[in-house]
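Each reported figure results from applying straightforward, stated rules to the coordinates on display, with no laboratory input. These numbers come from a predicted model, not from an experiment. Positions of Cβ are backbone-derived with ideal geometry, glycine not excepted, and every protein chain shown enters the neighbour counts.
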Amino acid sequence: MAKVLVVDDEYSIRALFQFVFMDAGHEARAAKDGREALELLAEFVPDLILLDISMPVMTGPQFIEEKRKLAASRPELAGIPYLVLTGESSLNLEKNYALGRDPDCKAFLPKMTPQESVVSIAEKALREAGRL
């Protein structure tokens, strides 16, 4: 069992993936934006983050940057793998976002990716990181 943090501003996506990961036997928590996700990190250290890239208040890239700053004083937050969810039509986001060069970023996935595939990709990333 792994701990998964789902960060997405769309309630339906957030609730769906929280349920999907719980149904797959993982502990899952959810946040509606990067700021709320940072607040959750005070009490919940995930093994993997499923992260929307475009959100109000704090975007996915801004969240990752702030999480990195926190990891300087909280090493348990360093190296957490994450998958980027996007509703954008182009999956060539690596060219547009520094996240594409981040070794902790394991995949860019369209929001329409089948749920089973997201879980499978997440579990592969967790195994590779030694977190499952």
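Numerical summary
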quantity	calculated
Distance (nanometres) between label positions extended 7 Å along Cα→Cβ at Arg35 and Arg131	2.5 nm
Vicinal HN-Hα couplings computed from phi for the stretch 52-68 (Karplus, 6.51 cos²θ - 1.76 cosθ + 1.60; Hz; Gly/Pro x)	6, 8, 10, 9, x, 6, 8, 6, x, x, 5, 4, 4, 4, 5, 5, 4
Order by protection proxy (mean Cβ within 10 Å, highest first), peptides 48-59, 20-31	48-59, 20-31
Vicinal HN-Hα couplings computed from phi for the stretch 123-132 (Karplus, 6.51 cos²θ - 1.76 cosθ + 1.60; Hz; Gly/Pro x)	5, 5, 4, 5, 5, 4, 8, x, 10, 9
Choice from Lys106, Lys69, Lys32 showing the highest fluctuation, given a GNM over the chain with Cα pairs closer than 10 Å	Lys69
Cα-centred dipole magnitude for the stretch 3-117, charges only on beta-carbon of K, R (+1) and D, E (-1), debye, nearest 20	260 debye
Chain lengthening between Val45 and Glu66 when straightened (0.36 nm per residue, less Cα-Cα)	6.1 nm
Amide proton proximity set for Met58, modelled H, under 5 Å, gap of 5+	Gly34, Arg35
Square roots of five times the Cα gyration tensor eigenvalues for the chain, Å	18, 18, 15
Computed [θ] at 222 nm, helices only, for the chain once each DSSP H run of length n ≥ 4 contributes -39500 (n - 2.57)	-10500 deg cm²/dmol
Long-range amide H partners of Ala2 with built H, under 5 Å	Glu27
Ser117 paired with Met22, simple spin-label distance in nm, labels 7 Å along Cα-to-beta-carbon	2.6 nm
